[in-house]
Amino acid sequence: MKAFEGVLKNPLDGRTAKPRRTGYTMVIDKGLGLAATKDLMDTASDYIDSLKQTFGTSHFFNEKLIRDKAEIVTAAGVIVYPGGTFGEIALMQGKLPEYLKRVKELGFTGVEVSDGTIEMTTEQRHGFIKRAKDMGFMVISEVGKKDPNDKVGYEQMHFDIAQDLECGSSRVIVEARESGKGVGIYDGSGNPDVAEVDAIIAGVKDPSVLVWEAPLKNQQLFLIKKFGMNVNLGNVPPEEALVLEALRCGLRGDTLKMAWLGKHPGK
């Protein structure tokens, strides 16, 4: 039972519960220790769907620590997976089968497939997704480049999204890096580009499969207002997991105002 259950309700109704298809929250883990990981799961696991150990940071943990972290996260009902950059390195070095085998042995339950830095053929991309899916992983893919000078055209992005889903990806992340500035749908100051968002979703049959990387509050608020409280959001800092959930549910001033105006039209 939640602390205020039976006394107060969320000002915004309709928040999905786990396991959920929409309203997905991916938290980015840059190197949490065991105590911090357990604290995060104790306080926020109901509102976190996946924990990404970002970049190649998993490389620096010893095997026991990785296994212990994965066990804590999995026991809390959260998918845990290494960052897509790690998978790109494995592909670049010709070690994809060995990489996926080790990911499974270490207790990870998901895999990210991306080509944010390297070039990947369509066959390599589809093979990666299918191999990971066949091994029992939850697969999440990503479209877009980390370098804004390597922008992916909309037609290619739409093709990749459709094909990734057909190959077995459960959702597709729209790249914005951990900074949320100057990449993807955000300008150099981190402000969303409405035209960019509209161009992306124009060619996607079901935009609810997209996960928008949105590490900053203004980005989260923009996407909640545009797509609703159950928009899928990623690259959320661990300390912001509950803050985001409050924003989704009308428990922060920005979205509480939305709820109030909904009950007082014309104000």
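We did not get these values from a lab; they are worked out from the coordinates using the rules stated. These numbers were taken from a predicted model, which means no experiment stands behind them. All Cβ positions, glycine included, derive from the backbone under ideal geometry; neighbour counts span all protein chains shown.
Taking R0 as 30 Å, what FRET efficiency do you get between VAL194 and THR22 from their Cβ-Cβ distance, rounded to the nearest 0.05? The pair VAL194/THR22 has a calculated efficiency of 0.90. Remark: region 169-175, residue by residue, has Karplus-estimated 3J(HN,Hα) of 5, 7, 8, 10, 7, 9, 4 Hz, where x stands for each Gly or Pro and the curve is 6.51 cos²θ - 1.76 cosθ + 1.60 at θ = phi - 60°. Once C-alpha pairs closer than 8 Å and six or more residues apart are averaged by separation and normalised to the residue number of region 6-160, the relative contact order reads 17 percent. List the residues of region 87-110 whose backbone N lies under 11 Å from a point placed 7 Å from the Cα of ARG67 along the Cα-to-Cβ direction. Counting only backbone N, you get 105-107. Using semi-axes √(5λ) of the Cα gyration tensor in Å as the read-out, say which of [x] 30, 24, 15; [y] 27, 20, 19; [z] 41, 21, 14 was calculated from these coordinates. Computing semi-axes √(5λ) of the Cα gyration tensor in Å and matching it to [x] 30, 24, 15; [y] 27, 20, 19; [z] 41, 21, 14 gives [x]. I want to make sure I understand the PRE zone here: with the label point 7 angstrom from the Cα of SER179 toward its beta carbon, which residues in region 42-61 have backbone N atoms less than 20 Å away? Counting only backbone N, you get 54-57. The order of THR54, THR121, THR74, THR43, going from fewest to most other C-beta atoms within 10 Å of their C-beta, is THR121, THR43, THR74, THR54. In this structure, ALA35 and ASP206 have a Cβ-Cβ separation that, at R0 = 41 Å, corresponds to a calculated FRET efficiency of about 0.55. Computed from label points 7 Å out along Cα-Cβ, the spacing between MET135 and ALA75 is 2.5 nm.
Among THR43, THR57, GLY33, pick out the residue whose Cα is farthest towards the positive end of the charge dipole of region 20-66, where Lys and Arg carry +1 and Asp and Glu carry -1 on C-beta, about the Cα centre. Result: THR57, furthest along the dipole toward the positive end. The residues neighbouring ARG171, those whose beta-carbon lies less than 14 Å from its own, together hold a net charge of -4 under the Lys/Arg +1, Asp/Glu -1 convention.
Counting only residues at least eight positions apart within a chain, or on another chain, the aspartates and glutamates with an alpha carbon under 20 Å from that of LYS38 are ASP29, ASP46, ASP49, GLU63, ASP68, GLU71, GLU239, GLU240, GLU245.
Couplings 3J(HN,Hα) for region 232-237, derived from phi with the Karplus relation 6.51 cos²θ - 1.76 cosθ + 1.60 (θ = phi - 60°), are 7, 10, x, 6, 7, x Hz, where x marks Gly and Pro.
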